[in-house]
Amino acid sequence: MESSLKYNPREIEKKWQEKWAADRLYEVREDDNRPKFYALTMFPYTSGDLHIGHWYAMAPSDVHARFKRMQGYNVLHPMGFDAFGLPAENTAISRGIHPYIWTMENVENMRRQLRSMGAVYDWNREVVTCLPEYYKWTQWFFLKLYEAGLAYRGKAPVNWCPDCQTVLANEQVVGEGLCERCGTAVTRKHLEQWFFRITKYADELLDHSQIDWPERINIMQKNWIGKSTGAEIVFGLEHNGVDTKEIRTFTTRPDTIFGVTFFVLAPEHPLVPQLTTPEHKAEVEKYVVQAQRQTEIERTAVEKEKTGVFLGSHVINKLNGEPVPVWIADYVLPSYGTGAVMGVPAHDERDFAFAKKYGLPIRVVIAPPDWAGEELESAYPGLGTVVNSWQFDGLSSEEGFEAICDYMEAKGLGKRAVTYRLRDWLISRQRYWGAPIPMVYCDKCGIVPVPEKDLPVLLPPDAEFRPTGESPLKYCESFVNTTCSQCHSPARRETDTMDTFMCSSWYFLRYTSPNVDNFPFDKDKLKHWMPVDLYTGGAEHAVMHLLYARFFTKAIRDIGVVDFDEPFTRLFNQGTIIYQGDKMSKSRGNVVTPDVYVSEMGADAVRAYLMFVGPWEQGGEWSDQGIVGISRWLNRVWNLVIAGCSEKNVDPDVEKELTRLIHKTIRKVTGDMERFRFNTMLAALMEFTNYLGKVQEAGTISESVWQEAITSLLLLLAPTAPHLTEELWTMAGHFYSIHNQSWPRWDEELAKEEEITLVIQVNGKLRDKVTVPVSITESEARELALSRERIKAYVQGNNINKIIYVPRRLVNIVVG
């Protein structure tokens, strides 16, 4: 009998997971009259094993989803797998395993690990992005974007990783121009690529007014989009053999136009060869080659010394008629603005350094405060009074901005303009393991989209994987060779595949109806669930997945596929798990797998410990000793409930105190759950169980009050430890399942803090009184006493020798 009552998490968890699945407890239906709550966690990449870092993203989000479910919501909390990507292809090359086999084996293993967590996932809604039934619709969306003019093909310089042999998006180049995945130095290469016109939505993407997101994510997106307001200014061009008669540049400071003393083109600018005089040709060509070997990040690094070469030609500043020497410099990028920059060294730090290095004039046109005409020792980028600018002298910078813009627009010399740092989304990848781009190249018809009826364009199973830098699809004749759908002549398929961020830009839509085969989703079900109420995941996705998903939603809204503006109403970013002094990740070799801990201590212990290590938004340190402590606490909860309480000497005052504590704990746990303060939520439950242990031992409460306390404890703990509480709930004779019960409510009067009058003395004499909660701690009482204005008058200028605290009565400050 004794052994059967021992807490055995392995046995209990297996039992309840099987029963929940058999009873379809967590299957979600749309014909439920409860209000909907779509709680989404970013789905994992199919890397093979889930480590504790993955669980840190998923377990607390499951706890919150369970909490909302008990609060009376119809909760959709789905799970799937981000299954396309470069690692699978690299494995195919290095180990001779087909990406599909490697990926699906990983899916199976990760699905097993996720099931062991005991989450409320409705597995009938699972999506796997590498399966044809999913990527058929990824291709369909591409065609819709193409029809709407939002997908186009163009030649552009791209980030190229020579080790991964693939193109990288700007967001995937990190640090000092390194590949995000392998750390190899990234180079530049010109290729024909497919792009999505995300820049069309720049202004709308800057608007976060409809969503409740962390401010740092909003700021990161705004900085990435990089909206700049200023003017586009026309410079004259009179050069033999050059048909172009003007060149335009953008500036945020048109008020400094009279301070221009040099003009810089990007080395790749098409006018560079035409404007280079013979005596400068060799030097210019050498510099262009050097610049193209560098990444954009290297070229624009703040600490990098600014270099350039004079072309031997000039442009004309049309506002004052001055000839301005034309240079090339690698810090000017062809992809930003017009690829041309006006140099105003007196008012730009980069231009100042460049002018000093090459002996170019530095002309002050915005006077700093108290400026008396002396040379500047450094650039003055601030606002001031316009000087040396003809009829505009004496205006403030702001007035000069407007007046000069008015003058330029009247004379046809320029216009007010807005530019963005954001570039169109490059989606082409020279890979096999991705969704094929559904386009065909015909010698007669040009670029031809694949008809919708022919989707999906399937990945061929017999492609050969070689590290050539080109897609393996290019060498697969059975894939490449096809027929033009318009003229029926021989044609060639596009061999690039789509960036995997395309797959993750709509997976949350597919969860609403993953088995629909005649459309990406059931529109009625989508309308029921979307937008996502709560999205949780890492902040590292701010300018990639989160930005792309917002763009994608807005684009398909304009196409008429959806009717909402934003995909995720609320966003919460969890922190990271630290182990051995560093962020836990496979690349650092410091991962901890959950399987052994689940086997030894149970999934409930792992779940609870991950929420106890620290505030969820900050993360914490993984410790084997720490999880042992949590395991012991769950065992104490088990023993507390199993042992029950015998009425030895019932004390009405103790019962009253316990009743108040029950309601305070319910209020505290509810508030912490709402704010994702899982660590303090568990701390409150631990305090509650400690108190229950004391009254259990003393036997000072009745059976009815004890049962009320235990019932509340199990309900409050249920989201965190679903298996343990289900077992104890059933053993206590309650109706199955605890996870279908309502979240407990508190009585505000009973939960209210009792108050006392705290006396404050100085050297034993009464100097103040204050009403405080009865639960005030000594440190809180000391701090409060010293902060009182009446007390400061007696303490100021004196040494505090000691502070005497009598609990619930007084604070005596002894000064001398």
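The values are calculated or read from the model by the stated rules, or taken from the named source; none is laboratory data. Note that the coordinates shown come from a computational prediction; the quantities given were computed from them, not determined experimentally. Note: ideal-geometry Cβ built from the backbone for every residue, glycine included; neighbour counts use all protein chains shown. These accessible areas exclude ligands, DNA and RNA; they are computed on the full protein's heavy atoms, side chains included. Shrake-Rupley method; radii C 1.70, N 1.55, O 1.52, S 1.80 Å.
Observations on the structure shown:
- Charge-dipole axis of the chain as Lys and Arg at +1 and Asp and Glu at -1 on Cβ define it, positive-most pick from Ile93, Val641, Ala410: Val641
- Computed over neighbours whose Cβ is under 13 Å from that of Tyr805, the net charge equals +1, Lys and Arg +1, Asp and Glu -1.
- Solvent-accessible area, 1.4 Å probe, carbon plus sulfur percent, for the stretch 131-233: 47
- Accessible area per residue for the stretch 66-196, computed on protein heavy atoms with a 1.4 Å probe, is 34 Å².
- With both labels modelled 7 Å from their Cα along Cα-to-Cβ, the Glu409 to Lys765 distance reads 7.4 nm.
- Pairs of Lys in the stretch 293-402 closer than 24 Å at Cα, counting only those 8 or more apart or on different chains: 4
- Distant-in-sequence amide H partners of Thr184 (H built 1.01 Å from N, under 5 Å): Cys179
- The antiparallel fraction among DSSP beta bridges confined to the chain stands at about 75%.
- Solvent-accessible area of Thr711, all protein chains in place: 40 Å² (probe radius 1.4 Å, heavy atoms, ligands and nucleic acids excluded).
- From most to least packed by mean Cβ count within 10 Å, the peptides 259-267, 175-183, 190-198, 740-748 give 259-267, 190-198, 175-183, 740-748.
- Three-way shape label, the stretch 1-125, alpha-carbon gyration tensor, a/c 1.5: oblate
- Long-range amide H partners of Thr166 with built H, under 5 Å: Cys161
- Here the gap between Ala282 and Asn635, fully extended at 0.36 nm per residue and compared with their Cα-Cα distance, gives a gain of 119.2 nm.
- Summing +1 for each Lys or Arg and -1 for each Asp or Glu among the other residues whose beta-carbon sits under 9 angstrom from that of Tyr331 gives +3.
- Ligands, DNA and RNA left out, the accessible area of the stretch 242-381 computed with a 1.4 Å probe is 53% carbon and sulfur.
- Accessible heavy-atom area order of Lys68, Lys14, Lys19, highest first, probe of 1.4 Å: Lys14, Lys19, Lys68
- Rounded to the nearest 500, the helix-only mean residue ellipticity at 222 nm of the chain stands at -11000 deg cm²/dmol, with each DSSP H run of n ≥ 4 adding -39,500 (n - 2.57).
- Between helix 678-698 and the chain: long-axis angle, C-alpha atoms, 0 to 90°, nearest 10: 10
- For the listed peptides 606-614, 310-318, 104-112, a ranking on the average number of other beta carbons within 10 Å per residue, highest first, reads 606-614, 310-318, 104-112.
- Folded to 0 to 90 degrees: helix 703-717 orientation relative to the chain principal axis, Cα: 20
- Given (1) 0.97; (2) 1.06; (3) 1.02, the label whose value is Rg/Rh (Cα atoms, Kirkwood Rh) derived from this model: (2)
- Exposure of Asp653 as accessible area (Å², to 10), given a probe of 1.4 Å and all protein chains: 110
- The chain: angle of helix 722-731 to the longest principal axis, Cα-based, in degrees nearest 10: 20
- Taking packing as the residue-averaged number of other Cβ atoms within 10 angstrom, the listed peptides 56-65, 347-356, 84-93 run from highest to lowest as 56-65, 84-93, 347-356.
- Whole-Hz couplings from phi, Karplus 6.51/-1.76/1.60, listed for the stretch 573-582; x for Gly and Pro: 9, 7, x, 10, 8, 9, 9, 6, x, 9
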